[in-house]
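The values are calculated or read from the model by the stated rules, or taken from the named source; none is laboratory data. Predicted model, so just to flag it, every value in this text is computed and none were measured. Heads up, the Cβs are rebuilt from the backbone with ideal geometry, glycines too, and the neighbour counts pull from every protein chain shown.
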Amino acid sequence: MNDPPQDRIPPPAFLAEPAPAAVLAALPGARAVGGCVRDALAGRPVHDVDVAAPYPPEVLAEKLHAAGLKVFETGLAHGTVTAVLRRTPVEVTALRRDLVTDGRHAEVAWTTDWREDAARRDFSFNAMSMDAEGHLWDYFGGRADLAAGRVRFVGDAATRLAEDYLRALRFFRFWARYGQGAPDPAALAAIRDAVPGFAARIAPERIWMELKRLLPTPDPSDALALMAQTGLLAAVLPEGADPERLRRMIARGLPPDPLLRLAVLLDEAADTSALATRLRLSGEERDRLAVLHHPPAPPRPGQDVPLRAWRARLRAASRHVMPPEPLWVAEARMGGAGWESLRAAVAPGDAEPEFPLQGRDLMPLGIPPGPGLGVMLGALRRWWLEGDCQADPETLLAEARRRLEKTGTADGPAAPDRKADLPGS
């Protein structure tokens, strides 16, 4: 097929890297496609390189093997293999055309028609391709859209969404990163109509994968507000979300951590346990989100608060949450001044305070193993927290002796109210 390029540019640096260069050399007629071409033209760093070629997948694998690359059949049914050179992977896919789509997955056939392959992609600037010499093929005006900050579906937006409803969420991710000016009204209308299909067809873990890419963008609040207007935000986060609150905190320097931004975005009454289950968060993500959203009662600026004790409570609640992080969520909800100085006061520095006694340390005082030992240990820990975690082991043991002398029993004082030691207390 005669398929002349639209332009030629000096080859971007990623094309000369060993793994992409070896893949392109092993597959005559192959081109880099998608995000690597888009980001190179936008002057952004290229992280992952994808290549397409006009060969069936089994021929791709044979040619790559023959060129000395390691080949893994990571998605052979969809025409994809992964070539690896010097521990750098390059995903290589046969040119495809869709036979049947169901709103998320497609049955495909192999083709040698580059335009046909490009027509099945989501957005115009993701449908570009480039060979090793810097020749550019741009069938749908992606380069102009990229320069203008337009996020535009390839062809009819409703058709592209019906092929894969996840593209609705991808639209807003790309809008947050590349969008300028007013968004494409045809795209927004099509997304609004596609929300029921999105809710019915998209796996929750795919939603979280997209959110993890959307939330760390420099300021996703405009994109999230647009999502709310189309109804997609309510489908993605039915627990409730406030894009304006996130916008305010980003303006104050909120770090681009997706879970921290999610905790700020979510309504205070949101059930993070149900959300974590629904979106298939990992165990560590579930733990972090729960404590970020409802940490041990945070200090407020201007209060005389034992900060070491708060850090100790936070450490006990989760070892995956750093001391300043919950204060961003607290500021988002409470407002006011002085939070920056407070965050600096509890910023990670020295090791977080850790209660320095164990049960065996109390046994030489005559307290046998059993409930009484646990009661005394809990009482001493609360006393240590009330003193801003300053007491060392010797001071704690002296306090234990004082309590034993006062009560006259090795069982120690009455059982404490353990609610005070729980997260959120």
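Condition test on P326, is it closer than 23 Å to P356 by Cα, under 27 Å from the mean Cα position of the chain (by Cα) and of a type outside the set (A, V, I, L, M)? So P326 does not fit the description; no.
Suppose we keep only residues that are modelled with pLDDT under 80 and charged (D, E, K, R) within segment 335-353. Which one would you say is nearest to P299 (Cα to Cα)? Among those that are modelled with pLDDT under 80 and charged (D, E, K, R), it is E352.
I'd like to know if segment 79-91 contains one or more residues that are closer than 22 Å to R173 by Cβ and not hydrophobic (A, V, I, L, M, F, W, C). Checked segment 79-91: at least one residue is closer than 22 Å to R173 by Cβ and not hydrophobic (A, V, I, L, M, F, W, C). Among the criteria (1) out of contact with any helix residue (DSSP H, G or I) (no Cβ under 8 Å at 6 or more places or on another chain); (2) over 19 Å from P220 (Cα atoms), the one A182 does not fulfil is (2). Does segment 3-14 contain any residue that is among the charged types (D, E, K, R) and part of a loop (DSSP other than H, G, I, E, B)? Checked segment 3-14: at least one residue is among the charged types (D, E, K, R) and part of a loop (DSSP other than H, G, I, E, B).
Condition test on D267, is it surrounded by fewer than 18 Cβ atoms within 10 Å (Cβ to Cβ), more than 20 Å from W328 (Cβ to Cβ), outside the structural domain of A200 (by TED's automatic domain parsing) and modelled with pLDDT of 95 or more?
Details: surrounded by fewer than 18 Cβ atoms within 10 Å (Cβ to Cβ): yes; more than 20 Å from W328 (Cβ to Cβ): no; outside the structural domain of A200 (by TED's automatic domain parsing): yes; modelled with pLDDT of 95 or more: yes.
No.
Exactly one residue among S273, S221 is in contact with a Lys or Arg (Cβ under 8 Å, 6 or more places away or on another chain), of a type in the set (S, T, N, Q), within 20 Å of H293 (Cα to Cα) and not assigned by TED's automatic domain parsing to the domain that holds A347, and that residue is S221.
Looking at this structure, is G253 under 18 Å from R286 (Cα atoms) and either in contact (Cβ under 8 Å) with a residue 12 or more places away in the chain or not hydrophobic (A, V, I, L, M, F, W, C) (or both)?
Values: under 18 Å from R286 (Cα atoms): no; either in contact (Cβ under 8 Å) with a residue 12 or more places away in the chain or not hydrophobic (A, V, I, L, M, F, W, C) (or both): yes.
Here the answer is no, as G253 does not meet what is asked.
Per the listing R308, R278, R315, the residue uniquely charged (D, E, K, R), at negative phi, surrounded by 16 or more Cβ atoms within 10 Å (Cβ to Cβ) and within 18 Å of the chain's Cα centre (by Cα) is R278. Taking first residues from segment 175-196 that are touching a residue at least 60 places away in the same chain (Cβ under 8 Å) and partners that are of a type in the set (A, V, I, L, M, F, W, C), no Cβ contact under 6 Å between residues at least 6 apart in sequence or on separate chains turns up.
Test of understanding: among R143, R152, R160, which residue is crowded, with 20+ Cβ neighbours inside 10 Å, in contact with a Leu (Cβ under 7 Å, 6 or more places away or on another chain) and charged (D, E, K, R)?
Result: R143 is the single residue among R143, R152, R160 that is crowded, with 20+ Cβ neighbours inside 10 Å, in contact with a Leu (Cβ under 7 Å, 6 or more places away or on another chain) and charged (D, E, K, R).
Screening Q358 against (1) modelled with pLDDT under 90; (2) polar (S, T, N, Q); (3) buried (at least 19 other Cβ atoms within 10 Å of the Cβ) leaves a single unmet condition, (3). Residue count for segment 319-342, restricted to those that are among the hydroxyl-bearing types (S, T, Y) and buried (at least 20 other Cβ atoms within 10 Å of the Cβ): 0. Contact annotation: residue pairs with Cβ atoms under 6 Å, 6 or more positions apart or on different chains, pairing a residue in segment 152-170 that is in contact (Cβ under 8 Å) with a residue 12 or more places away in the chain with a partner that is crowded, with 22+ Cβ neighbours inside 10 Å and hydroxyl-bearing (S, T, Y), are R152/S124; V154/S124.
Assess whether L214 counts as being within 27 Å of R167 (Cβ to Cβ), assigned by TED's automatic domain parsing to the domain that holds E340 and surrounded by 19 or more Cβ atoms within 10 Å (Cβ to Cβ). Answer is no for this residue.
Among the residues of this structure, I207 does not count as one that is in contact with a Ser or Thr (Cβ under 6 Å, 6 or more places away or on another chain), of a type in the set (A, V, I, L, M, F, W, C) and either farther than 26 Å from A144 by Cβ or assigned to a helix (DSSP H, G or I) (or both). Residues in segment 180-191: is at least one surrounded by fewer than 18 Cβ atoms within 10 Å (Cβ to Cβ), more than 24 Å from the chain's Cα centre (by Cα), within 25 Å of G43 (Cβ to Cβ) and among the small types (G, A, S)? Yes, because at least one residue in segment 180-191 is surrounded by fewer than 18 Cβ atoms within 10 Å (Cβ to Cβ), more than 24 Å from the chain's Cα centre (by Cα), within 25 Å of G43 (Cβ to Cβ) and among the small types (G, A, S).
Have a look at R245, R261 and point out the one that is assigned to a helix (DSSP H, G or I), within 15 Å of the chain's Cα centre (by Cα), at pLDDT 95 or above and charged (D, E, K, R). Steps first, answer last, please.
Working: R245 fails: within 15 Å of the chain's Cα centre (by Cα).
Result of the check over R245, R261: R261.
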